[in-house]
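**Student:** Quick one: structure below, then a few questions.
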Amino acid sequence: MKSAKKTAAIHDISGIGKCSLTAIIPVMSAMGIQVCPVPTAVLSAHTGYSSFVMKDLTDFIGKALENYKTLGTSFDCIYSGFLASADQIEHCADFFDAYPGALKVVDPVMGDNGKRYKTITDELCTKIKMLVKKADLITPNLTEAALLLDEDCPVNGLRANELKSWLVRLSQLSENTRYIVITGAQTSDGKIWSAGYDRTTDGFWRVGSSYVPMQYSGCGDLFTAVLVGGLMSEDSLPIALDRAAHFTGLAIKTTYSYGISKNDGILFEPQLAWLNNYSELGNFEPI
Ligand code: PXL
């Protein structure tokens, strides 16, 4: 019997602002993947809004895992993202250990534009740095990559030739990690790149996106969801990067064209059909 590949998605759900599960579920579903949400927190609005209420679900995650073990549920991927408390790190690690054959993804959601998100404490940051060592795929943005490497966030972006050395340095955090991806990195020449390293093929790749003078929340979540969906569908790393960069870029340009505000999130819904009708674009290049 045909069944969809399944990922557990350990991430928050925010009522407004289109990030985390509200971005991941539609995107990966459009790519033919079943997303099984394991919510880490419920928020009325994401943390970029001037106010929000949040219900921490730390106790729920371990119980959900026990239930999946009882039910004999299998997963092809365990995908972790926004975590609401430092104790949630252990629960993610337990999920990874329970499914050793699954693709283990850590999106180390900690901040953007040189700043940490409001709920990310020092303790949580330290523990996320430990969790990334267990991952097959990590997907920091530039701010998060700087936090993982104990660097200051480069305010004017990286020099183009630094992208590769940052990928190398991130890959040195753990030999377990097959794929290292830096998302949406601005270089000092004003370009935006997503770049990745595949340890198995020893390949370094980058895909460029056009610059839009607005940064929408949820872009990283959308990008990573498409990337993970691609890798789960046997895309090579550069093909998956290309697919993710194209979809996210298209959604960002669409959003900008309508003058939508930064917090209200990306107008990606009109583009979902593209994910289902995708052919290779070839916009990636080796670095
Ligand atoms: O997009 C990252 C993200 C995820 N979840 C929550 C957030 C953010 C970024 O602001 O606030 C709740």
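The values are calculated or read from the model by the stated rules, or taken from the named source; none is laboratory data. The model shown is predicted, which means the values in this text are computed figures rather than measured ones. Heads up, the Cβs are rebuilt from the backbone with ideal geometry, glycines too, and the neighbour counts pull from every protein chain shown.
**Student:** Go over the candidates Glu269, Glu285 one by one and state the one that is more than 16 Å from the ligand (Cβ to nearest atom), in contact (Cβ under 8 Å) with a residue 40 or more places away in the chain and within 20 Å of Ser14 (Cα to Cα). Please lay out each step first, then the result.
**Tutor:** Details: Glu285 fails: within 20 Å of Ser14 (Cα to Cα).
From the options Glu269, Glu285, the qualifying one is Glu269.
**Student:** Output the number of the condition that Ile24 fails; it satisfies all remaining conditions of (1) surrounded by 23 or more Cβ atoms within 10 Å (Cβ to Cβ); (2) part of a strand (DSSP E or B); (3) touching a residue at least 60 places away in the same chain (Cβ under 8 Å); (4) of a type outside the set (S, T, N, Q).
**Tutor:** Of (1) surrounded by 23 or more Cβ atoms within 10 Å (Cβ to Cβ); (2) part of a strand (DSSP E or B); (3) touching a residue at least 60 places away in the same chain (Cβ under 8 Å); (4) of a type outside the set (S, T, N, Q), only one is false for Ile24: (2).
**Student:** Something else: Considering (1) crowded, with 17+ Cβ neighbours inside 10 Å; (2) out of contact with any helix residue (DSSP H, G or I) (no Cβ under 6 Å at 6 or more places or on another chain), say which one Lys133 fails and leave the rest.
**Tutor:** (1)
**Student:** Based on this model, can you work out whether Gly229 counts as crowded, with 23+ Cβ neighbours inside 10 Å and more than 16 Å from the ligand (Cβ to nearest atom)?
**Tutor:** Details: crowded, with 23+ Cβ neighbours inside 10 Å: yes; more than 16 Å from the ligand (Cβ to nearest atom): yes.
It is true that Gly229 is crowded, with 23+ Cβ neighbours inside 10 Å and more than 16 Å from the ligand (Cβ to nearest atom).
**Student:** Given the condition small (Gly, Ala, Ser), under 18 Å from the mean Cα position of the chain (by Cα) and modelled with pLDDT of 95 or more, answer yes or no: does some residue in the range 112-125 qualify? Step through it out loud before you land on a result.
**Tutor:** Taking the range 112-125 first, the residues small (Gly, Ala, Ser) are 114.
Going one step further and asking which of them are under 18 Å from the mean Cα position of the chain (by Cα), we end up with 114.
So of that shortlist, the ones also modelled with pLDDT of 95 or more come out as none.
Scanning the range 112-125 turns up no residue that is small (Gly, Ala, Ser), under 18 Å from the mean Cα position of the chain (by Cα) and modelled with pLDDT of 95 or more.
**Student:** Please list, ordered by first then second residue, the pairs with beta carbon atoms under 7 Å, 6 or more apart or interchain, first in the range 30-59 and within 10 Å of the ligand (Cβ to nearest atom), second assigned to a helix (DSSP H, G or I).
**Tutor:** Close Cβ pairs (under 7 Å, with a partner that is assigned to a helix (DSSP H, G or I)) amount to Thr40/Ile61; Thr40/Gln88; Gly48/Asn263; Tyr49/Asn263.
**Student:** Being assigned to a loop (DSSP other than H, G, I, E, B) and near the ligand (Cβ under 10 Å from one of its atoms) is the filter here, so list the residues in the range 78-123 that pass it. Steps first, please.
**Tutor:** From the range 78-123, those assigned to a loop (DSSP other than H, G, I, E, B) are 81-87, 99-102, 107-110, 113-114, 117-121; that's our starting set.
Within the range 78-123, Gly81, Phe82, Leu83, Ala84, Asp107, Val109, Met110, Tyr117, Lys118, Thr119, Ile120 meet the criteria.
**Student:** Looking at the range 247-282 only, could you name the residues that are among the acidic types (Asp, Glu) and not in a helix (DSSP H, G or I)?
**Tutor:** Filtering the range 247-282 for residues among the acidic types (Asp, Glu) gives 264, 269, 280.
Passing the criteria: only Glu280.
**Student:** Still on this structure, please answer the following. Out of all the residues in the range 188-211, which are among the β-branched types (Val, Ile, Thr) and within 20 Å of the chain's Cα centre (by Cα)? Give the steps one after another, and end with the answer.
**Tutor:** The first filter runs over the range 188-211 and keeps only residues among the β-branched types (Val, Ile, Thr), leaving 192, 200-201, 207.
Across the range 188-211, the qualifying residues are Ile192, Val207.
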